[in-house]
Amino acid sequence: MVKISLPKSEWYTIRRYNPTAYDAQNINKIRNYIKIIPIIALVILTVIFLLNAMLFNKVADQVTNSNDMPVDNRELLKSVVKRSERNNITSVKNNTTPKGYNNNINNSSMTKQDRMDADDIPYFLFTIDRLYLVDSGKEKNVVEKPIGLRNKDIQEVIKQGVKELNKLRQPQNLSLFTNQNFVEGIYKTIPREGSIYELQFSDQNNGFKANEYHRITLKRPMAPLQVVETARTPAPKQLIHLILPVKGRIPTLKQFLKHFIKVCVRQDRNVYLTIVNYGLEDLYRINSIVQYVKYTYNFKMIDFVTLNEPFSRGKAFQVGATRGPKTDALMFLCDIDMMFSQKFLDRCRRNTERGKSVYFPVVFNQYNPNRVYPLLGMKVPRVKRRLVINKMTGAWRDYGYGMVCQYKSDFEKVKAFDGKYDEWGGEDLDLYQKYKKSAYRIVRAIDPSIIHIWHEKKCNPKLPNDQYRNCVRSAAKNEASRIQLGLSVLGKKIDKKRSYREKLVYSYSDGLMIRDQLG
């Protein structure tokens with residue numbers, strides 16, 4: 001037997017595994033065993049980890065496939081489990097604004113072009129009590145406090161985010177997230193896909209650090225199309241009772257009646273017109289115009305009433321509703337500056353149902369032509385040539401509720417226009433709110449077949465503060481677009497090339513359609 005000399009520490013290790021080992025051959029064998037022990041341990045740990053992962057996936061599948069859980073919750077939990085494995089959603093650092101749509105959604109039904117289109121849709125940013133909007137329009141704020149359905153949506157999303165993060169946090173015995181940990185979120189709605197929410201939460205265990213966040217992505221998918229209702233529209237055209245308040249403005253009245261004759265007398269042939277005139281100054285002239293229309297065009301469905309009292313738009317509609325057809329007619333409350341087509345009258349009939357629905361069209365509001373066309377180096381064309389819908393000539397009046405189609409019985413049922421509004425302003429919104437609080441369905445939609453012709457707006461300083469302020473704001477918003485007002489201030493001119501001018505006046509398909517119908 002050969003005796004060898006070993007370091008004291010190594011000798012103790014060898015004797016621990018084989019107390020009788022003294023020769024070199026046995027010692028070399030023991031040395032080899034010791035070298036492979038770490039490898040064996042690593043293999044065992046790997047197997048244990050894989051078994052745990054398989055068990056976790058099996059439990060998650062059982063939970064998500066349970067019939068007791070709502071469908072969208074099952075899908076949501078599946079997406080959280082998959083995303084936790086793929087994106088490490090419980091520990092995302094230095095990434096407060098997730099980049100791109102593709103990192104968050106993995107939907108095979110979307111083509112490459114669909115994903116590119118989805119990337120073009122901007123996110124809205126929101127906090128617990130603020131919502132920052134991208135498209136502010138003409139009336140809305142760029143930042144607002146979420147209320148109503150929007151607030152419910154945001155609160156539900158935050159609550160769900162806290163719940164899902166805590167599911168992954170509980171097995172680690174870490175402190176749980178609450179709404180107080182929510183920092184901010186972004187969301188957008190993608191057509192045919194649904195709403196995508198990216199929520200950021202601060203790390204609760206390590207204290208708040210600006211570069212450490214937990215991110216979770218949630219999706220509210222769109223359900224397949226479902227039939228909600230089917231209805232048949234009667235073939236015969238219902239009689240429309242058009243009520244028109246007037247105070248002076250004889251040239252504008254002539255223009256309106258000329259247009260009325262073309263669309264309602266010659267084309268539709270089932271519209272009854274009631275003119276409610278205020279004041280005695282123009283009584284003779286207006287009566288002469290009405291008689292001319294009656295006998296020249298053999299049109300008997302026209303009525304004319306005069307009120308010798310201070311002007312009130314709401315009172316005019318109340319009086320007009322008592323005139324005209326004796327039946328429960330479909331009423332269209334109209335202003336003298338409106339021009340509309342046969343298509344609008346058809347929508348008025350289709351979107352209004354007695355006792356069930358009313359129609360508040362969103363009309364196209366023209367800008368001041370004396371500002372628009374000089375900036376293009378053009379003379380102001382006649383009204384007929386200005387019936388063009390594009391961003392240079394006007395905007396959708398989504399803040400106005402003055403035009404409405406409703407049945408007389410519904411108008412009386414909601415007790416519209418109770419007389420508390422004088423002159424113009426306020427009564428239209430009051431009527432809208434009354435229908436909104438009732439059981440009626442409100443159809444409020446863009447209607448490209450009705451245009452509000454620009455006219456100078458004068459606000460009476462004697463009006464109550466709210467009405468006067470609304471009048472001034474309306475006049476300011478109807479003057480021009482923001483870029484046109486800016487160019488007026490800067491004194492710059494828009495491109496004067498002939499091709500651009502022709503494109504503005506002649507090449508817009510919507511503009512041609514409107515001009516052909518209304519001109």
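We did not get these values from a lab; they are worked out from the coordinates using the rules stated. Note that the coordinates shown come from a computational prediction; the quantities given were computed from them, not determined experimentally. Using ideal geometry, Cβ is built from the backbone for each residue, glycine included, and neighbour counts are taken over all protein chains shown.
Put simply, the Cα atoms of the range 283-394 extend 52, 41, 33 Å along their principal axes, the longest span coming first.
For the range 220-261, the set of trypsin sites (Lys or Arg not before Pro) satisfying both a DSSP loop assignment and a count of at most 12 other C-beta atoms within 10 Å is given as 232. Given 413/436; 415/436; 247/415, which pairs have Cα atoms separated by over 21 Å? Listed pairs above 21 Å: 247/415.
Which net charge results when you count Lys and Arg as +1 and Asp and Glu as -1 among the other residues whose beta-carbon is under 11 Å from that of residue 299?
+4
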